[in-house]
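Data block below; observations after.
The values are calculated or read from the model by the stated rules, or taken from the named source; none is laboratory data. In this text the structure is predicted, and so the values were computed from the model without any measurement. Quick reminder, even Gly has a Cβ in these numbers, built from the backbone with ideal geometry, and neighbours come from all protein chains shown. To get the accessible areas, we keep the full protein, side chains included, count just its heavy atoms, and leave off ligands, DNA and RNA. Shrake-Rupley method; radii C 1.70, N 1.55, O 1.52, S 1.80 Å.
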Amino acid sequence: MRKLTLAAAVAAALWIPLAGRASDTPLQNAALAWDRGDYIAALTTYLEMVKGSASDADLEAIALQTGELFQTVELTTDGDAPQFSRNGQYIAYETGVVPARKVRIVATAEPLKVVAELKGHRAAFSSDGTKLAYLKIPESASIAQAAAAVETAPADQRAQRVTALNGVVALESRVVVRDLASGGETEMNTTGFRVTSVASVPTGVIVAATPAEGAGQIYSASTSAPPVALTSGDGDKTIGAINTPGTALTFTVRAAGGGRGGRGGDATPAGQPAAAPTFRLLTIADGKVSTITGSAPAFSADGTSLAYIARDGAETALMIAPVADSTAAKAVRKGIERIDAPAFSPDGQRIAFQMMSKEDWEVHIVGRDGTGETRVTREIQHDLLPRFIGPDRLIAMVGEARHRRSNVYDLASGKRTRVFHNNTVRTIAPEYAWVPSPDGNKLLIVAERDGDTVSTERGVYMVDLSKRVSRDELRARIST
């Protein structure tokens, strides 16, 4: 009899709805309603709480359930290639397609204001943040003709004609340096070169370009004399990362006759066994080029150190080398686990990286002396691309490439906070690029925020990690 009574009691307890328990708070009840799809009930409760005396912790939970926690500004509904100037005073992003591509420059002082719109692309701020170098696209008959050919191309010829258009644009574009304070522009002499990218450094302007004959090289450009080659040899050169002082850069080489250059290093010519990836390091002052066996290079904040990944058979090593002498590289960590995407802390004393745990990437940090390795993430989805945005704060991405989301990790408390959303019910906001400001308080994100993951347009957004949405803003969000 006692067993039957106990069984009946247990069964009755199981049938009692969780939301009906006396111990549940309004926040818990609303969360349960949200989980079962009763959004009206959840939002009604949230609105009552926001209008009432909800605590800061409750407001944070409501904000994250219904959308964004941090103040977010939409810079454009269709753009990419966002970046901050090194002094944090400007933002640049690009919008439109070649040859109508434009670079917009936005002053970060509130309220945000577009201060210039330039017809061009491949923009790069100078090391001190006072200038912007870019490829200015001119009006020309040959560019117009190539663009018209793309528009009328049959499907099987479109890719070929787009390549032809890009070649004409690269040949006729002019390297221009704009003074951000005065608006004055200075044109570099690159006549006869197909320029693919630019960088503004203290010593002048660096370009990756291809001459009329021969392989593409990295050059120093000036206003009068022809470009001076800083590299040599076969294969087109592609600029990678540039250190903060603008004294060194990495580049890769596209092998002649096939293959692809890229982040992983120099390509292997067709028909040959795969070689270990390599990249090159160029120190600009002395013109020294070093070939480094490894991938995923990343400079320290002061520009004096370089981290990268080296692989030897089944073993993977996290390496650190002085920029002044890459032969003095030392292994910070070695193991059979795959690792990737190293990033220095602001003081250069720790390195964040992603490590494969069985079939899942997780984020770890380790001291540059190899001590104190700590696992930061524990998520069934991939955790990728960590970046320090403060002494004890990381940003990293969760998920597959087609629907990644950014999160901030407090290394002291272990707390994870989602950064971005679109403030709507049951839709996602896939993110594709993330650029932190120099002080780590702001983040530029390229994302699809409209809930339509089929659309080709991707917006550019600035998230202020130092400012949370207000109670009034949260009330307005829930009410609509």
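Quick notes on this one:
- Exactly one residue out of THR223, THR152, THR203, THR191 is farther than 23 Å from GLU94 by Cα, in contact with an Asp or Glu (Cβ under 8 Å, 6 or more places away or on another chain) and either at pLDDT 95 or above or among the hydroxyl-bearing types (Ser, Thr, Tyr) (or both): that is THR223.
- If you filter region 5-44 down to residues that are modelled with pLDDT under 90 and under 46 Å from the mean Cα position of the chain (by Cα), you find that the one that is most open to solvent (accessible area, probe 1.4 Å) is ARG21.
- Test: residue in region 332-351 that is basic (Lys, Arg) and at positive phi: no
- Picking from residues in region 235-271 that are at pLDDT below 65 and on the phi > 0 side of the Ramachandran plot, the one that is surrounded by the fewest Cβ atoms within 10 Å (Cβ to Cβ) is GLY271.
- Looking only at region 379-407, and only at residues there that are open to solvent by 80 Å² or more (accessible area, probe 1.4 Å) and within 18 Å of the chain's Cα centre (by Cα), the one that is nearest to LEU444 (Cα to Cα): ARG387
- When residues of region 282-297 are limited to those that are open to solvent by less than 20 Å² (accessible area, probe 1.4 Å) and within 22 Å of PHE388 (Cβ to Cβ), the one nearest to the chain's Cα centre (by Cα): ALA296
- Residues in region 298-315 that are crowded, with 21+ Cβ neighbours inside 10 Å and among the hydroxyl-bearing types (Ser, Thr, Tyr): SER300, TYR308.
- Restricting the first member to region 272-297 and to residues that are modelled with pLDDT under 95, and the second to residues that are of a type in the set (A, V, I, L, M, F, W, C) and not in a strand (DSSP E or B), the beta-carbon pairs closer than 7 Å and six or more apart or on different chains are GLY287/LEU230.
- The criterion of at least 3 residues that are surrounded by fewer than 20 Cβ atoms within 10 Å (Cβ to Cβ) and not small (Gly, Ala, Ser) is met, among strands (runs of 3 or more DSSP E) falling completely within region 71-151, by 113-125.
- Residues being without any contact (Cβ under 8 Å) to a residue 40 or more places away in the chain, part of a loop (DSSP other than H, G, I, E, B) and open to solvent by 70 Å² or more (accessible area, probe 1.4 Å) - total across region 453-480: 3
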